[in-house]
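Below: one structure, written as structure tokens.
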Amino acid sequence: MYAGHLARRGLDDMIVRVLTVIIAVWSVSGCALIESLINTDVEQNKTAETANSERLCWVDEQSSSITMDNNCDLDYWLQYWVEVDALSWPKRRTLIDELGENATSKLRKIFLSQSRGTPYQARLRAQSWADELMPHLTSSMRSLLSVLVYKPSQEMLEFESALTILSQINTNQSKELDEQRQRLQEQQQQIDQLLKIEASMMEKREGISQ
């Protein structure tokens, strides 16, 4: 009887130890599982935040009062710029005239006005469109448009303006030189006439004296 009691007691101790091990293993596994799920969720959130921060959109789709076609597709707009850059100014001017006044149209017209051969007034008008569009753009796209389009175009306008001023100065100087030449010719003619008159008078005096 005592032996049976010891056997039951040993069995009970074994069951307790087994349950303790099971509970311990489950606790560790459960914690590890929960931690793994938490880490996965955090990583997914970080990935999503990174993806959102790397999206380059012209306007903020949540807060902007305007809309933009292909808003977050920068490749589309770069490809569009490359395509229109190869067009002559008359063709680009026709495309500009066909566009409206919404944000997408203004952005297109800005790109259409950047290629070589664009007249001064047309490039200046494109700067005005950029000024109207800038306040509605995200900070990233304001910087991008400024670096790629606005500042180079502004420098070109200043250069063309300086050339125009120099051309006007040269034209005015050329006119002044022509006027001076004309005055010198007139003065020379007057001198020649006076010399002829003087020579004629001297001849008459000599004839009288003889």
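Hey, can you tell me all the residues within segment 49-83 that are at pLDDT below 85, assigned to a helix (DSSP H, G or I) and either closer than 16 Å to A103 by Cα or under 19 Å from the mean Cα position of the chain (by Cα) (or both)?
Passing the criteria: only E54.
Can you tell me which residue among L95, L87 is assigned to a loop (DSSP other than H, G, I, E, B), open to solvent by less than 90 Å² (accessible area, probe 1.4 Å) and out of contact with any strand residue (DSSP E or B) (no Cβ under 9 Å at 6 or more places or on another chain)?
Selected residue: L87, the only one of L95, L87 that is assigned to a loop (DSSP other than H, G, I, E, B), open to solvent by less than 90 Å² (accessible area, probe 1.4 Å) and out of contact with any strand residue (DSSP E or B) (no Cβ under 9 Å at 6 or more places or on another chain).
Could you tell me whether R183 is open to solvent by 90 Å² or more (accessible area, probe 1.4 Å), modelled with pLDDT of 75 or more and either closer than 22 Å to W77 by Cα or among the hydroxyl-bearing types (S, T, Y) (or both)?
Judged against the criteria, R183 is not a match.
The values are calculated or read from the model by the stated rules, or taken from the named source; none is laboratory data. Please read these numbers as outputs of a predicted model, since none were measured by experiment. Here Cβ is always computed from backbone atoms with ideal geometry, including for glycine, and neighbour counts include all displayed protein chains. The accessibility values were calculated without ligands, DNA or RNA, using every heavy atom of the protein model including side chains. Shrake-Rupley method; radii C 1.70, N 1.55, O 1.52, S 1.80 Å.
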